[in-house]
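As structure tokens, the structure follows; a few thoughts come after it.
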Amino acid sequence: MKLATLRDGSRDGRLLVVSRDLGRATPAPQAARTLQRALDDWAALAPELESLYAELNDGKIAGTLAFDPRECASPLPRAHQWADGSAYVNHVQLVRRARGAQMPDSFWTDPLMYQGGSDGFLGPTDPIPLADEGWGCDLEAELAVVTDDVPMGVDAHRARDYIRLLMLVNDVSLRNLISGELAKGFGFFQSKPASSFSPVAVTPDELGDAWRDAKVHLPLRSAINGRPLGVPQAGVDMTFDFGRLIAHAARTRRLGAGSIIGSGTVSNRGPDGGPGKPIGDGGVGYSCLAEVRTVETILHGGPKTPFLRWGDTVRIEMLDADGRSLFGAIEQTVVRPESAA
């Protein structure tokens, strides 16, 4: 099943059921007017939504809408919780190396996670407002799951049973603000502005065999100004699967339905165990510019690639084995704040 949120002037929008080919959509029943409402009573409402989805794909619904991501908010325009992990430890290792920080061995056995701002997300095609290019604006291409209610203390294997939906993420980071914030010892805040999510959220069964072991075994594609940045395999080098990330988040608290748990930046090591190569050099590339700049520093003594600038456009998408878009694409342009109003 594929679900999206149509902007309708309200804070939480109107839930849409979207066809498998992302071509058509129909409003969800009034009982599930918003995605959060559907998640709050998933056991009762999901079967009705699934039935509507089947009818939509079979062409049995009259008066459907042409699906347009530009008219959509993120599937959850706001959420009770957005917690982003760092499941790809290769990424952590690289970005810490870039700022001269050592990585403790415990990072390979105990997930990192931060509490992101969840009171408002950018839509999948909304501009990214950037007040100062000197802040070092970066994309981070990720995956995320949306949970049902999760009990406190759940184990990693059982935690998989509470995954209801998956989405793509652009976890925007302001790299040049991060070091100063982390030096205070209290975590990210100003360096992590609003994130954005894919046009549609999908149930795990939509991924078929690509969803196994609580990982997505497909490449995650990202590009800047039409130039490919990365196609790393999301199921490779994921040190902590989504079950483990959920269990980490729920160790000392319950998670409410609609909680979003992110994977962190998808990142693959090279065949030699090193940081990997750009696409142009035969590698799978990267999902953020921080990794590009770190590799350039290793090879050339300093970074050559700039962070995002006003007017740059980023695109993040995942295709199935037949080349069809699963979630739709995140496609955003960096703008001055007054242009984003």
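Residues of segment 134-154 with amide nitrogen under 15 Å from the 7 Å Cα-to-Cβ point of Arg336?
Residues 134 qualify, since their backbone N sits under 15 Å from the label point.
Compute the long axis of helix 289-300 from its Cα atoms, compare it with the longest principal axis of the Cα atoms of the chain, and write down the angle in degrees, 0 to 90, nearest 10.
20
Which net charge results when you count Lys and Arg as +1 and Asp and Glu as -1 among the other residues whose beta-carbon is under 9 Å from that of Leu308? It would help to have the intermediate numbers written out before the result.
Numbers: positive: Arg309; negative: Glu133, Asp138, Asp312.
Its environment carries a net charge of -2.
Dimensions of segment 1-159 along principal axes (Cα, Å, largest first)?
That works out to 59, 42, 27 Å along the principal axes.
Out of the total accessible area of the chain (probe 1.4 Å, heavy atoms of protein only), what percent is carbon and sulfur?
Numbers: 7230 of 14920 Å².
Of the solvent-accessible surface of the chain, carbon and sulfur hold 48 percent.
Express in nm, to one decimal, how much length is gained between Arg212 and Glu133 on full extension, taking 0.36 nm for each residue of separation and deducting their alpha carbon distance. Display every interim value, and only then the final one.
Values: separation 79, 0.36 × 79 = 28.44 nm, distance 4.00 nm.
The Arg212-Glu133 span can extend by a further 24.4 nm.
If you take the square roots of the eigenvalues of the alpha-carbon gyration tensor of segment 155-206 and sort them as a ≥ b ≥ c, do you get rounded (a/c under 1.5), prolate (a/b over b/c) or oblate? It would help to have the intermediate numbers written out before the result.
Values: a/c = 4.98, a/b = 1.81, b/c = 2.75.
It is oblate, given that a/c is not under 1.5 and a/b is not larger than b/c.
Using 7 Å Cα-to-Cβ label points, what is the Asp41/Gln102 separation (nm, one decimal)?
Simple spin-label model gives 5.6 nm for this pair.
Once segment 79-121 is represented by equal point scatterers at the alpha-carbon sites, with solvent omitted, what log10 I(q)/I(0) does the Debye formula produce at q = 0.17, 0.22 Å⁻¹?
For segment 79-121, the Cα-only Debye profile gives -0.56, -0.77.
In deg cm²/dmol and to the nearest 500, what is the mean residue ellipticity at 222 nm of the chain if only DSSP H runs of at least 4 residues count, each as -39500 (n - 2.57), divided by the residue total?
On the way: 8 runs with 69 residues, N = 341.
Mean residue ellipticity at 222 nm (helix-derived): -5500 deg cm²/dmol.
For Val231, what charge total do you get from the other residues with a beta carbon under 15 Å from its beta carbon, if Lys and Arg give +1 and Asp and Glu give -1? Can you show the working numbers first?
Numbers: positive: Arg221, Arg227, Arg269, Lys277, Arg315; negative: Glu142, Asp237, Asp281, Glu291, Glu317, Asp320.
Once positives and negatives cancel, what remains is -1.
Just to check I understand the Karplus step: with θ = phi - 60° and J = 6.51 cos²θ - 1.76 cosθ + 1.60, what whole-Hz values come out for segment 42-55, glycine and proline as x?
Karplus-based 3J(HN,Hα) across segment 42-55 equals 4, 4, 7, 8, 4, x, 5, 5, 4, 5, 5, 4, 5, 5 Hz.
Which is farthest toward the positive dipole end of segment 251-297 among Cys288, Gly276, Ile260, measuring Cα position about the Cα centre, with Cβ charges +1 (Lys, Arg) and -1 (Asp, Glu)?
Toward the positive end, the furthest listed residue is Ile260.
Evaluate the charge dipole of the chain about its Cα centre and quote only its size in Debye, nearest 20, assuming +1 on the Cβ of each Lys and Arg and -1 on the Cβ of each Asp and Glu.
On the way: 36 positive and 43 negative charges, 120 e Å.
My answer is approximately 580 debye.
Using Cα pairs under 8 angstrom and six or more residues apart, how large is the relative contact order of the chain, in percent?
Working: 823 pairs, mean separation 75.7, N = 341.
Reported as a whole number, the value is 22 percent.
Hey, how much of the P(r) for segment 199-298 falls beyond 21 Å, as a percent of Cα pairs? The partial results should precede the final answer.
Numbers: 2155 of 4950 pairs.
So the portion of pairs separated by more than 21 Å is 44 percent.
Averaged per residue, what accessible surface does the chain expose to a 1.4 Å probe, in Å²? Kindly include the intermediate steps, with their values, before the conclusion.
Values: 14920 Å² over 341 residues.
Result: 44 Å² per residue.
The values are calculated or read from the model by the stated rules, or taken from the named source; none is laboratory data. Here the structure is a predicted model, which means the values were calculated and not measured. No Cβ is skipped: glycine too gets one built from the backbone with ideal geometry, and neighbour counts run over all protein chains shown. With ligands, DNA and RNA removed, areas are computed over all heavy atoms of the protein, side chains included. Shrake-Rupley method; radii C 1.70, N 1.55, O 1.52, S 1.80 Å.
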